[in-house]
Structure formats: structure tokens, C-alpha cells
Amino acid sequence: MLTVAEKSARKFAKETPLGRTRRARKIHRILAEVYPNAKCELDFETPFQLLIATVLSAQTTDIRVNAVTPGLFAAFPDAHSLAVANLIEVEELIRSTGFYRAKARNIVKLANELVDEYDGVVPNRLDKLVKLAGVGRKTANVVLGNAFDTPGLTVDTHMGRLARRFGWTEETDPVKAEHEIAALFPKRDLTLLSHRVIFHGRRICHSRRPACGACPLAALCPSFGIGELDPDKARSMLRFEMAPEATVADAAAPESSNAATSDASELDASESDAVENDR
């Protein structure tokens, strides 16, 4: 006898490319209704601040990054000031984000590159952003989509995991996955698609045990049944503003427990190499 998960997988086993595209877009429409306030959860006021915050978010949480960036940007508000910063002072300001020595070296080097090559201004092109210290396609797409309103797909661990569960791609390589996922959607939707999928991954479709019994995508998901099916137990697993014990304040200002953009990054635990966020 087939399990629920096996039945779900079989249901979509012979799906055509057109059928997958239509299903993917329907999933996105539902996510837009469920997460109307989905957005980048890193705090920033300028492209420079978002770029630095995104680099710092590797292997830590958005909450932690948002706690340290006010002090960092008060001391070094732009690329020119950060470029000449004392490295030890920068390390102390960002220590709690983890891998702080490598991150400090990276953001100071990044600031110097911005000053030397772009007069301190963050470029608004992917090909230029990915050449900067600690910046890869994922970070570049975050900056382009949220600071410059240029649509781009952020393939972090949440997006990669959910895209495979949804049957949008089988790729584990972030760049290959990005291209396959992006082909399913209008380009204008990519930035918000990233936020909505990431929100869903943090709140319902958890890594170890998704809350399948409380998922609004159950009928459209080839992986339905791999997690908790009991509706009551599943609802108890919801997180942040969707959690049963969530307060009005939680709903008004949800926070993430994982980095918005960089939690797929792999850092050298010895910090012997510079942190390259997602290259």
C-alpha cells in the first residue's frame, strides 16, 4: 500500500513541462495570498547597507545581523568610511554574527573595491556585483531586487529545498537551479517569488519535518506527506506570526530565524579563507 508521500509523488510523475509551469504559477499565487507582507527581512536604508548586511548574513540569522548593523553603519555609514576602518574595530562590531574575522576582512575589502572602482557607489549590474569581495549571484540578486528593483531570484537553502519539493527543479547547484526555476515564471515576479518561498520555508515547510497537514499547497505539492499530516499537530509546528501562540506584534513584524539570503553559504570553520557569501 502506497504512503501519502508516494501517492503525491506519483500524482505528478508524468507532468508535462506546461503543466509544471502552470502548477508553479498557481503555487506562487497561493503564496502571494498567504504571505502578502513577504519582503527582505534584512534592515537597510541604502544599497550599500543592504550589500554589507547580506554579506554579514552568511551562516547567521537576519535577527542577529539586524542587531549589529545599526552600530556598524553608525560608525561607518558608507563605503568611503568603511574602506579606511580599523579592522579590529570592525571585528568587534560584527563579532556576534560569527566568522567575524573573515567577514570583517571581506567587507573592508569590499568597501575598498567600491571606492576604487565605483567612487563608493554600489553598481546596479549583476556582472559587476559578482566581482566584488564576498559577493556571488545570490547576494547580487538580493541587492538588485530589493535596492534597485531589478527582478532576480534568490536561491538560498529555503528556495532550493522547496523548489525541489515542489518539483520545479532537481538541481542542487544554486546557479543551475536558479535558471530552471526562473524559466517557470515571468521575470517581474522573481524577487517577490523569492521572498514568498523563503517565508513559506521558514513558517510551514521546515527542513526536517514540514507541517504538511497545515500547508495551503497540499494539493499542488509532489512532496505532500513527507512531514506531519495530522492537522492539529501540523498547526502546532507553524512558526513566527503563523504560530498558534503568535501575538499581534508577531503578525505585524515577523522575523526570521535563518539568514534571508546567505544560509546556503559554506564557511570555513577555521576562518582561514575569506568568506565568499555565495560565489
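Quick notes on this one:
- The fraction of Cα-Cα pairs per 10 angstrom bin, counted from 0 for segment 92-139, comes to 27, 48, 25, 1 percent, rounded to whole percents.
- Of the residues Ala182, Ala13, Gly152, the one whose Cα sits farthest toward the positive end of the charge dipole of the chain, with +1 on the Cβ of Lys and Arg and -1 on the Cβ of Asp and Glu, is Ala13.
- Sequence of Phe185, Phe99 when ordered by accessible area, the most exposed leading, probe 1.4 angstrom: Phe99, Phe185
- The simple Förster model, with R0 at 51 Å and r as the Cβ-Cβ distance, assigns Lys39 and Val84 a FRET efficiency of 0.95.
- Point-charge dipole on Cβ atoms (K/R +1, D/E -1) for the chain, about Cα centre, debye to 20: 1580 debye
- In segment 188-243, trypsin sites (Lys or Arg not before Pro) in a DSSP loop with at most 16 other beta-carbon atoms within 10 Å: Arg208, Arg239
- Solvent-accessible surface of the chain, averaged per residue with a 1.4 angstrom probe and all protein chains in place: 47 square angstrom.
- When the inverse distances between all different Cα atoms of segment 1-90 are averaged and flipped, the Kirkwood radius reads 17.2 angstrom.
- Using the Cβ of Ala9 as centre and a radius below 13 Å, the other residues enclosed give a net charge of +3, where K and R count +1 and D and E count -1.
- P(r) of segment 67-110 over all Cα-Cα pairs, binned every 5 Å from zero, in whole percent: 5, 26, 38, 26, 4
- Loop-located trypsin sites (Lys or Arg not before Pro) in segment 86-128 (DSSP state not H, G, I, E or B) with no more than 16 neighbouring Cβ atoms inside 10 Å: Arg125.
- Taking only the Cα atoms of the chain, the ratio Rg/Rh comes out at 1.00, with Rh defined as the Kirkwood radius.
- Prolate/oblate/rounded label for segment 151-221 (Cα gyration tensor, a/c 1.5): prolate
- Once both labels are positioned 7 Å from their Cα atoms along Cα-to-Cβ, the gap between Thr21 and Lys233 label points is 4.0 nm.
The values are calculated or read from the model by the stated rules, or taken from the named source; none is laboratory data. What you are looking at is a predicted structure, and each value in this text was computed from that prediction instead of being measured. With ideal geometry, Cβ positions are generated from the backbone for all residues, glycine too; neighbour counts draw on all protein chains shown. Keep in mind that these areas ignore ligands, DNA and RNA; they rest on the heavy atoms of the full protein, side chains included. Shrake-Rupley method; radii C 1.70, N 1.55, O 1.52, S 1.80 Å.
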